[in-house]
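One structure is given below, encoded as structure tokens.
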Amino acid sequence: MTEQDSAIHSSAITVRSDIRGDIRSDFRGDTHGGIRGGTVLAALGVVSFSLSFPATVWALEGFGPWTATGVRGLLAGLLATACLLGSRVPVPARRHWPGLLTVAAGCAIGFPLLTTLALQTSTTAHSAVVVGMLPLATAAVSSALTGRRPSRGFWVAAVLGALTVAAFTLQQSHGLPTLGDAYLFGALLACAAGYAQGGRLASHMPGWQVIAWGVVAALPVSALVTALSLPWEPVHLTTKAVVGTAYIAAVSQFGGFVLWYRGMAAIGVPKASQIQLAQPLITLVWSVLLMGERLAPLAAVTALIVLGCIVVTQRARG
């Protein structure tokens, strides 16, 4: 081998090594720019989700609960269809469809419907604290699905958080759970199943495609619910109703997930999860600023305890 050939060979090895290093760096989000950008995207996703309950209350000013849920899913499904067609995304493999149908049932149908029904009688502040248990419920469902057993510290914090939320709901309802609380806990289970399956699928396809195919799979149900509920539930279009419906359709059920999953891809699941811990507290702030609700001291204290419990579960050995 000539000296020139040796130099070329050595240079090629160096270039390939640099490329592999750059790819690993980009994947892990090790660059300062990638970390900052991913953090901003994840934070924007959390903020967008935190407005879902106030926007749903606004939507209920003009639509009944079934109509609001149907229209929300219908608009989100049409938007997701346009994005999938525009990006020429192929149809997922058959083995992925059971998980996608779970995402559709939990995140695109069950959670929106049950939380909408709950918000007819529950305040946004009360609902935000209860739904603050969603990360813990998701962890429990994921553990059941995967067979992985988190540490004892994880489950101690999870049980403490669950007891705190149960005590809060019982105190708010004067010792008896309300129908709204039943809807909220049902929404937790439905969404937790959808999140757990969505997280599993996100290792096989981009996260935004998971939620996109989920809302598309739910389109027939959304269309049917809309068609059946419109003649029975009165419609009074107001500015708040239109804005609220547009928001929960375009952002809460689709666009927010695009920001969230892009941020998660840039900074990693653990860091993104830590940012999401602030979501219930942000919703409590929105309930005061936008809805004119009075923030009971107990609601804030409960939210902080739940926040602490979730922090422990995120840091505990899994």
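The values are calculated or read from the model by the stated rules, or taken from the named source; none is laboratory data. Just so we're clear, the structure is a prediction, and the values are computed from it rather than from any experiment. Ideal geometry is used to build each Cβ from the backbone, glycine not excepted, and the neighbour counts take in all protein chains shown. Note: accessible area is taken over every heavy atom of the protein model, side chains too, but ligands, DNA and RNA are not part of it. Shrake-Rupley method; radii C 1.70, N 1.55, O 1.52, S 1.80 Å.
Among the residues of the range 300-315, what is the count of those that are hydroxyl-bearing (Ser, Thr, Tyr) and farther than 11 Å from residue 284 by Cβ? Walk me through how you get there before you give the answer.
If we filter the range 300-315 for residues that are hydroxyl-bearing (Ser, Thr, Tyr), which is where we start, we get 302, 313.
Retained after the next criterion (residues that are farther than 11 Å from residue 284 by Cβ): 313.
Going through the range 300-315 one residue at a time, the tally reaches 1.
All told, residue 258 meets the bar of being open to solvent by less than 60 Å² (accessible area, probe 1.4 Å), β-branched (Val, Ile, Thr) and more than 30 Å from residue 298 (Cβ to Cβ).
Scanning the range 203-219 for residues that are touching a helix residue (DSSP H, G or I) at 6+ places or on another chain (Cβ under 8 Å), open to solvent by 40 Å² or more (accessible area, probe 1.4 Å) and part of a loop (DSSP other than H, G, I, E, B) gives 204, 206. For residue 149, the conditions (1) more than 30 Å from residue 59 (Cα to Cα); (2) in contact with a helix residue (DSSP H, G or I) (Cβ under 6 Å, 6 or more places away or on another chain) are fulfilled apart from (2). Quick check on my filter: what residues within the range 93-108 are over 10 Å from residue 191 (Cα atoms) and assigned to a helix (DSSP H, G or I)? Scanning the range 93-108 gives 94, 95, 96, 97, 98, 99, 100, 101.
Kindly provide the set of residues from the range 194-244 that are of a type in the set (D, E, K, R) and under 17 Å from residue 113 (Cβ atoms), ordered by number. Let's see the steps before the verdict.
We begin by selecting, within the range 194-244, every residue of a type in the set (D, E, K, R); these are 200, 233, 240.
If the condition is that a residue be of a type in the set (D, E, K, R) and under 17 Å from residue 113 (Cβ atoms), then 233 is the only one that fits.
If I ask for residues that are assigned to a loop (DSSP other than H, G, I, E, B) and surrounded by fewer than 16 Cβ atoms within 10 Å (Cβ to Cβ), which ones from the range 291-304 would you list?
Here is the first cut: in the range 291-304, the residues assigned to a loop (DSSP other than H, G, I, E, B) are 291-296.
Hits for the range 291-304 are 291, 292, 294, 295.
The sole residue among 186, 199, 180 that is open to solvent by less than 60 Å² (accessible area, probe 1.4 Å) and either part of a loop (DSSP other than H, G, I, E, B) or more than 16 Å from residue 128 (Cα to Cα) (or both) is 199.
Residues that are part of a helix (DSSP H, G or I) and open to solvent by 40 Å² or more (accessible area, probe 1.4 Å) were ranked within the range 142-155; the one that is farthest from residue 49 (Cα to Cα) is 152.
Which ones in the range 63-92 are assigned to a loop (DSSP other than H, G, I, E, B) and open to solvent by 40 Å² or more (accessible area, probe 1.4 Å)?
Going residue by residue through the range 63-92, those that are assigned to a loop (DSSP other than H, G, I, E, B) are 63-64, 87-92.
Hits for the range 63-92 are 87, 88, 90, 91.
Total residues in the range 220-248 satisfying the condition of being assigned to a loop (DSSP other than H, G, I, E, B) and surrounded by 16 or more Cβ atoms within 10 Å (Cβ to Cβ): the figure is 1.
Out of everything in the range 95-132 that is under 23 Å from residue 295 (Cβ atoms) and in contact with a Gly (Cβ under 6 Å, 6 or more places away or on another chain), what residue ends up being least open to solvent (accessible area, probe 1.4 Å)? Working first, answer last.
Taking the range 95-132 as the starting set, the residues that turn out to be under 23 Å from residue 295 (Cβ atoms) are 115-116, 118-132.
This time we only want the ones that are in contact with a Gly (Cβ under 6 Å, 6 or more places away or on another chain), so: 118, 121-122.
Numbers: 118: 0, 121: 109, 122: 17 Å².
Restricting to residues being under 23 Å from residue 295 (Cβ atoms) and in contact with a Gly (Cβ under 6 Å, 6 or more places away or on another chain), the top hit is 118.
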